[in-house]
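The values are calculated or read from the model by the stated rules, or taken from the named source; none is laboratory data. Just so we're clear, the structure is a prediction, and the values are computed from it rather than from any experiment. In this analysis, Cβ positions are derived from the backbone assuming ideal geometry, glycine residues included, and neighbour counts consider all displayed protein chains. Note: accessible area is taken over every heavy atom of the protein model, side chains too, but ligands, DNA and RNA are not part of it. Shrake-Rupley method; radii C 1.70, N 1.55, O 1.52, S 1.80 Å.
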Amino acid sequence: QEEGGAALTEAELEQRVEILLSETDTLWMLDLPTAVVSTEAEEAVRVLERNKIYAEICNAKIDSEYFEEKMVQTISGAAKTKEAQCETITMAEKGTMVTSWDLDNFLNASETEPPEPEEPRAPAGKSSKSPTAAEHGQAVAVPSARASSIIIAESAVAARSHEEKECHSEAILTSANLQQDLVVMERILMENIFQPKLAVYRQIPVLIEPVVTSDTDAKDSEEEEDEEEEDEQKQEETLSDARQSPAEGGGPSLEQLWSYRCDLTRGHSVSSMAWNKVNPDLLAVGYREFVSQDQKKGLACCWSLKNPMWPERVFRCEHGVTSVDFSLASPNLLAVGTADGRVAIYDVRSRGDTALLDSSASLNKHKGPVWQLKWVEQDRGATAGDKKEKLMCISGDGRVTQWFIQQRLDCFDVLSIKRTESGKKKSPGEKERKSEAPLSQQAAGMCFDFHPEDPDIFLAGTEEGHIHCCSCSGKEQILGTYRGHKGPVYKVAWNPLSTEMFLSCSADWSILLWHRDSHSPLLTFTSGTACVHDIKWAPKSAFIFTAVNEGKVEIWDLTVSIFNPVLSCAASPEGTLSSLLFARNAECLLLGDSCGQVGVWQLHNLAVPSTQQV
């Protein structure tokens with residue numbers, strides 16, 4: 001009617017209207033079927049029949065070989081996630097720190113403020129008609145000014161305390177005393193963790209902490225001792241598995257003590273290692289990485305025996321590091337050669353990774369990888385302070401260079417290695433063709449080693465498989481050529497005790513023993529079908545040397561056998577071995593692999609012959 005309908009008349013209002021109410025359909029919000037049925041229900045007969053059949057099946061399972069009880073876990077229904085949108089709830093935290101001196105400053109500031117003016121009071125029984133402060137609007141002026149001053153003072157104190165806190169924290173973290181304390185704490189933790197291994201390395205007794213127990217805990221301690229004995233037996237079995245099986249009669253064996261590795265070196269290959277000449281606990285390791293024949297960035301790390309888990313110094317290079325060596329006259333200088341022909345000298349006393357001197361600006365820099373570099377003493381009879389030495393390098397561009405250190409790093413060529421013709425006989429026609437184009441291309445140098453007694457004489461191994469005996473002084477630089485390898489010569493090594501003998505290893509799977517006066521090898525050692533990457537003579541014996549190929553490390557003793565090594569074992573299960581080095585002050589062997597690990601292995605039962613005669 002309000003929307004414009006006609007009003008009902010009186011007759012229509014008096015008319016009788018019938019309204020019929022009916023029940024709507026039932027909407028089931030939840031339906032849980034019952035597990036119990038009334039006996040009077042229509043489906044009671046069917047349920048009783050199913051129960052009877054189930055009981056017969058259960059009775060049939062008893063003592064029957066056709067049924068087997070098993071437990072099955074049903075699949076739970078997938079959970080449903082429902083999201084609801086609401087207004088963002090914003091939360092803010094505010095806090096401040098108040099110290100005792102802040103309170104004193106605030107109290108002193110409040111005492112110096114002028115007192116509030118008092119309102120004049122009328123005498124008793126008399127009324128004052130003078131205008132009050134409220135009538136002029138000044139009743140709230142003084143309290144509001146005081147409140148604002150209090151708020152400003154609190155905010156200033158809070159800001160000042162926050163800045164002082166940040167400056168104080170930063171000063172503590174950058175404090176030299178804190179850095180030194182952290183270094184001491186790190187040393188203590190490393191000593192506690194590696195004490196048994198370091199004791200074996202230094203050949204000192206292993207410290208065993210005494211177990212102190214009370215009488216009430218005697219039984220528990222006995223049980224713990226039994227468990228500890230079982231654990232020790234398991235550890236011994238594990239160590240015996242890690243310790244390579246010696247030959248019959250208690251032959252030589254290797255036991256791994258620890259590995260120099262960290263996240264920085266993972267994925268790199270160990271290319272070279274060198275001990276510091278003064279500090280026998282400081283080891284320099286060069287790392288390189290080759291992926292799809294692309295040269296990646298390299299590392300030169302200085303490891304200390306006091307922390308085998310992280311290097312003391314890390315020098316990052318743009319290209320892979322191929323060789324490292326410490327100076328004797330200045331033990332803090334580390335020479336580094338890289339795959340792009342760069343030679344750099346670092347000061348290990350500095351924590352920065354910037355090179356002290358660099359050959360990148362030199363006009364005579366190498367154009368091939370610096371495969372090996374070495375500091376060579378010029379006057380072996382001088383004292384340590386008066387020793388003079390020269391830095392020698394051999395590179396893939398066929399040059400042997402001597403570097404001099406002044407305001408910049410520069411060099412001059414000592415020798416340029418030329419390619420030589422093979423000794424095979426050729427037909428006359430072939431000789432004519434060769435004579436038309438003489439061989440003048442330089443041969444890539446791979447390695448060198450200086451004579452232990454005469455620093456002017458050195459051996460140079462080339463990529464074509466030849467070994468040249470060279471002289472740094474004199475008109476005739478190449479004194480002789482030794483031909484015996486069919487592949488690139490990776491390492492040459494003079495015998496430190498029998499100085500007329502030297503070893504060489506190559507990619508042709510062989511190790512050759514040479515005499516300086518004979519241009520044909522005296523002995524050939526071959527024990528596998530893998531490239532021999534590195535060789536080293538034992539420092540205390542003229543008969544024992546060690547070699548590493550792609551999969552194993554081999555120890556040869558010429559007094560025992562010239563056909564088979566006295567020990568051959570796989571020392572790098574994750575990668576291939578690439579470099580080796582004897583410890584200076586321990587009966588240990590260091591093995592570098594292609595995974596960036598330098599394992600320290602203890603030598604056991606390696607008999608050193610008493611005589612030095614070869």
- Query: Just checking, how many residues over the range 309-321 are open to solvent by 10 Å² or more (accessible area, probe 1.4 Å) and of a type in the set (Val, Ile, Thr)?
  - Reply: 1
- Message: I need a count of the residues in the range 54-72 that are at pLDDT 80 or above and among the polar types (S, T, N, Q).
- Response: 1
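Within the range 271-308, count every residue that is of a type in the set (S, T, N, Q), open to solvent by 10 Å² or more (accessible area, probe 1.4 Å) and either under 18 Å from the mean Cα position of the chain (by Cα) or at pLDDT 90 or above (or both). If you could, list the steps in order and put the result at the bottom.
Step one: filter the range 271-308 for residues of a type in the set (S, T, N, Q), giving 271-272, 276, 279, 292-293, 295, 304, 307.
Subset that is open to solvent by 10 Å² or more (accessible area, probe 1.4 Å): 271-272, 279, 292-293, 295, 304.
Subsequent filtering for residues that are either under 18 Å from the mean Cα position of the chain (by Cα) or at pLDDT 90 or above (or both) retains 271-272, 279, 304.
Qualifying residue count for the region: 4.
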- Considering every residue within the range 567-585, establish whether at least one is in contact with a Cys (Cβ under 6 Å, 6 or more places away or on another chain) and surrounded by fewer than 17 Cβ atoms within 10 Å (Cβ to Cβ). yes
- Taking the range 45-61 and keeping residues among the basic types (Lys, Arg) and either within 60 Å of the chain's Cα centre (by Cα) or farther than 16 Å from residue 35 by Cβ (or both) leaves 52, 61
- Item | Whichever residue in the range 361-387 is closer than 19 Å to residue 456 by Cα and within 35 Å of the chain's Cα centre (by Cα) and, among such residues, is modelled with the lowest pLDDT | 377
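Residues are listed down the side, and each one gets a yes or a no for (1) modelled with pLDDT under 90; (2) touching a Leu at 6+ places or on another chain (Cβ under 8 Å); (3) open to solvent by less than 10 Å² (accessible area, probe 1.4 Å):
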position	(1), (2), (3)
516	no, no, no
526	yes, no, no
555	no, yes, yes
559	yes, no, no
- Lone unmet requirement of (1) buried (at least 18 other Cβ atoms within 10 Å of the Cβ); (2) of a type outside the set (Asp, Glu); (3) without any contact (Cβ under 8 Å) to a residue 60 or more places away in the chain; (4) on the phi < 0 side of the Ramachandran plot for residue 465: (4)
- Message: Report every pair of residues separated by at least 6 positions or lying on different chains whose Cβ atoms are under 7 Å apart, first residue within the range 163-187 and open to solvent by less than 80 Å² (accessible area, probe 1.4 Å), second in a helix (DSSP H, G or I) and at pLDDT below 85.
- Response: 178/172
- Enumeration of residues in the range 468-501 that are open to solvent by 30 Å² or more (accessible area, probe 1.4 Å) and outside any strand (DSSP E or B): 472, 473, 474, 475, 476, 477, 486, 488, 496, 497, 500
- Which residues, counting only those in the range 62-103, are surrounded by 10 or more Cβ atoms within 10 Å (Cβ to Cβ) and under 53 Å from the mean Cα position of the chain (by Cα)? 96, 97, 98, 99, 101, 102, 103
- Note on the structure: Condition set touching an Asp or Glu at 6+ places or on another chain (Cβ under 7 Å) and at pLDDT 85 or above, scope the range 404-432, selection nearest to residue 469 (Cα to Cα): answer is 404
